[in-house]
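The next block holds one structure in the form of structure tokens; read it before the comments.
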Amino acid sequence: MRAAASPRLGLRPTRPARIVLRTWQIALVAGLALLAAHDLGGLGSGGGHFFDRWLYEGLEAAAAAGCLVRAVRVPRERLAWLALGLGLLSTTIGDAIYDFGYGGNPPFPSPADAFYLGFYPLSYLGIVLLVRSRISRFNASLWLDGLTAALAAGAVGASAILEVVVSSTHGSPIVVLTNLSYPLGDIVLLALLVFVFAVSGWQPGHAWLLIGAALLLNTIGDGFYLYSSANGTYVEGGLLDVLWPASLILLAFSAWQTPTTGQPVGGLERRALFATPATCGVIAVGVLVYASVNHVHPLATILAAGTIILVLMRTALTFGENTRLLERSRSESLTDALTGIGNRRRLVLDLDAYLGDANEEEPHLLVVFDLNGFKGYNDSFGHPAGDALLARLAGKLKEAVAPDGGAYRMGGDEFCALIPASETLLHRAASSLFEEGESFVVSSAFGAVTLPEEASDPSAALSLADQRLYAHKDQLSAARTSPHELLLRTLAEREPGLRAHVEGVARMAVAVGRELGLSGDQLAELRLAAELHDVGKLAIPDAVLRKPGPLTDDEWQFIHQHTLIGQRILGGEPALRRVGEIVRSTHERWDGEGYVDGIAGDAIPVASRVIAACDAFSAMTSGRPYRAAVSREDAIAELRNCAGSQFDPAVIAVLCDLLERRADLDSPALRVRRDNL
């Protein structure tokens, strides 16, 4: 019977193997029918030995062979079916010794009993291996349900069978022990089988149903046999002699069952209903009530009491599981599934709690954030990468506002924070929602509301924060349209005369760049860099920038960072990133003695070299509080004198030639302080 294991549990034998398998099954059913006709209907009454011995043992041997062939031919669950097949073979050998060795009249106990009893441990092993193979995992509820059902079944079996056997058994200790071994073995088998049925939710599948029917028939047969033997009423050739081979045939048939289509092997993992422990509890109480008015074996009472204890444990476990489930459901309803921070519902609850006890001595900020650039990131890198980015930013926001503030995700790319009113904390929260890479920049706009001063309920607070968020987004949108204009306006507010200075430097730089062969985008970058080359001075305190006297070494170190700061400011806008690199190098020297990187010669960007020369000329021709402006001629002479050391000789040659030919090229003298530091 060659067969191959399916990817799941079932068998898919080839066509010849299916024919052999079907023939084997038909032969077993036909043989069992003949045996039943003989024992129950008197068929072939003159051929008792053929039916009661040869046919009887032949059916058992064929059943055992079916299980063993299953173990040999199909790798999956091989050990389980090998154990069950050997159990059937052990029973067959016991019957052969009984009938052929002793002629149907053996002593008690005899070697046949050893083989009969060998069926039990082999069956236990086979069933345990099947459970291990077909039930991938247990939870505590399943274990308790299975054990409860097993104890309840054991209690019933012990009360119905064990006491009868014990009370009717007499003789030497070995005789009593042998007689007790059969009902005990059957009770354990029955309990084990009920355990499997319980943990399967009472839907075990065809194979387990056949195994259950087989073991139940075997238990019934053993019980009636022991009882009738003890009472001297057993007669060979009756119904009992049909039950035993029938049980072995059913067990053999179960070995070749294929699973129902669509039913997963792991179906046994489903949690059993509470009806199982409830039913078992009722059964246990019934056994105890019966024991109170009738004499039953103490084992039945012990098993019934154990059943009730397990039912109580199952009840406590169910209560605990439901409590944890309720807590988890509540937590999940208040938590954003993607990021793990609070959701909108959690925010509203926290706002209610804060506003209920809020006072103006401990104000808070409700800040709503909306990401800029996230849609482009999502479109470029895909939704999984977008989800990962949201999770990272949420973690950074949560860390930024901890431990006194809360972070929330409102949905999409919108976040929120409820924090103590603090400029530092607000800046830290806004800065956390920023990430940049080689081809993307994701930042945020926000709207903030002071609580409870500006709003007294969650709805009003969120509405006002949204209004301010959209106003901020409009400002950023306008700034992104002409980002350099926004920076120039900011510079002009800080130093009104600086706008004219940078415009003059830009005019000279573009003229020089055109003479050097720059065109198109290069000239555009040069113009923007010239206009924005002083943007880093926004970070320099007025006390340093406007100091009329000489600067200290520490102050000079501060000043020398302004080009690096300018690059960082411009680098936040992708369109100005290249301009920021030019600004970084506008104070490098041709001989390498400049700052911030100390690069020299052609390593300095051409645009940076041009701006450095034009800026120096503008600075020299502008008045200072501590010195007067120099003339155009003197400034041009100084430029030529510094060519090859401070400035690129080629740039100086072009600039000086233009200045000598065009009197209108440079801007008017500007009254600014330290604009060429």
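General remarks:
- Meets criteria (of a type outside the set (Lys, Arg), part of a loop (DSSP other than H, G, I, E, B) and within 30 Å of Ala385 (Cβ to Cβ)) for Leu347: no
- Residues of segment 412-435 that are out of contact with any Gly (no Cβ under 8 Å at 6 or more places or on another chain) and either β-branched (Val, Ile, Thr) or under 19 Å from Gly376 (Cβ atoms) (or both): Gly412, Asp413, Glu414, Phe415, Thr424, Leu433, Phe434, Glu435.
- Every pair of residues 6+ apart whose Cβ atoms lie under 9 Å, when the first sits in segment 180-198 and is within 26 Å of Ser228 (Cα to Cα) and at pLDDT below 75 while the second is not in a helix (DSSP H, G or I) and not aromatic (Phe, Trp, Tyr): Leu180/Thr169
- Any helices (runs of 4 or more DSSP H) falling wholly within segment 459-548 and containing at least 2 residues that are open to solvent by less than 50 Å² (accessible area, probe 1.4 Å), small (Gly, Ala, Ser) and at pLDDT 80 or above: 498-515, 521-531
- If you go through segment 302-346 and keep only what is in contact with a helix residue (DSSP H, G or I) (Cβ under 8 Å, 6 or more places away or on another chain), of a type in the set (Lys, Arg) and open to solvent by 90 Å² or more (accessible area, probe 1.4 Å), you end up with just Arg345.
- Residue ID - modelled with the highest pLDDT, chosen from residues in segment 122-152 that are among the hydroxyl-bearing types (Ser, Thr, Tyr) and more than 28 Å from the chain's Cα centre (by Cα): Ser123
- Some residue of segment 15-36 being at positive phi, modelled with pLDDT under 85 and either in contact with a helix residue (DSSP H, G or I) (Cβ under 6 Å, 6 or more places away or on another chain) or not hydroxyl-bearing (Ser, Thr, Tyr) (or both): no
- If the condition is being outside any helix (DSSP H, G or I) and of a type in the set (Phe, Trp, Tyr), then segment 99-139 contributes Tyr102, Phe108, Phe138.
- Options Ala61, Ala80, Ala96; residue that is buried (at least 20 other Cβ atoms within 10 Å of the Cβ) and part of a helix (DSSP H, G or I): Ala80
- Residue within segment 159-170 that is open to solvent by less than 30 Å² (accessible area, probe 1.4 Å), modelled with pLDDT under 75 and under 40 Å from the mean Cα position of the chain (by Cα) present: no
- Segment 30-58: number of residues that are without any contact (Cβ under 8 Å) to a residue 12 or more places away in the chain and assigned to a helix (DSSP H, G or I): 7
- Residue, surrounded by the most Cβ atoms within 10 Å (Cβ to Cβ), within segment 615-665, restricted to residues that are over 25 Å from Pro550 (Cα atoms) and in contact with a strand residue (DSSP E or B) (Cβ under 7 Å, 6 or more places away or on another chain): Ile652
- Each residue in segment 193-206 was checked for being part of a helix (DSSP H, G or I), crowded, with 20+ Cβ neighbours inside 10 Å and out of contact with any Asp or Glu (no Cβ under 7 Å at 6 or more places or on another chain), and 5 pass.
- All positions within segment 594-617 that are acidic (Asp, Glu) and touching a His at 6+ places or on another chain (Cβ under 8 Å): Asp615
The values are calculated or read from the model by the stated rules, or taken from the named source; none is laboratory data. As the structure is a prediction and not an experimental result, all values here were calculated from the model. In this analysis, Cβ positions are derived from the backbone assuming ideal geometry, glycine residues included, and neighbour counts consider all displayed protein chains. Remember, those area values only see protein heavy atoms, side chains included, never the ligands or the DNA or RNA. Shrake-Rupley method; radii C 1.70, N 1.55, O 1.52, S 1.80 Å.
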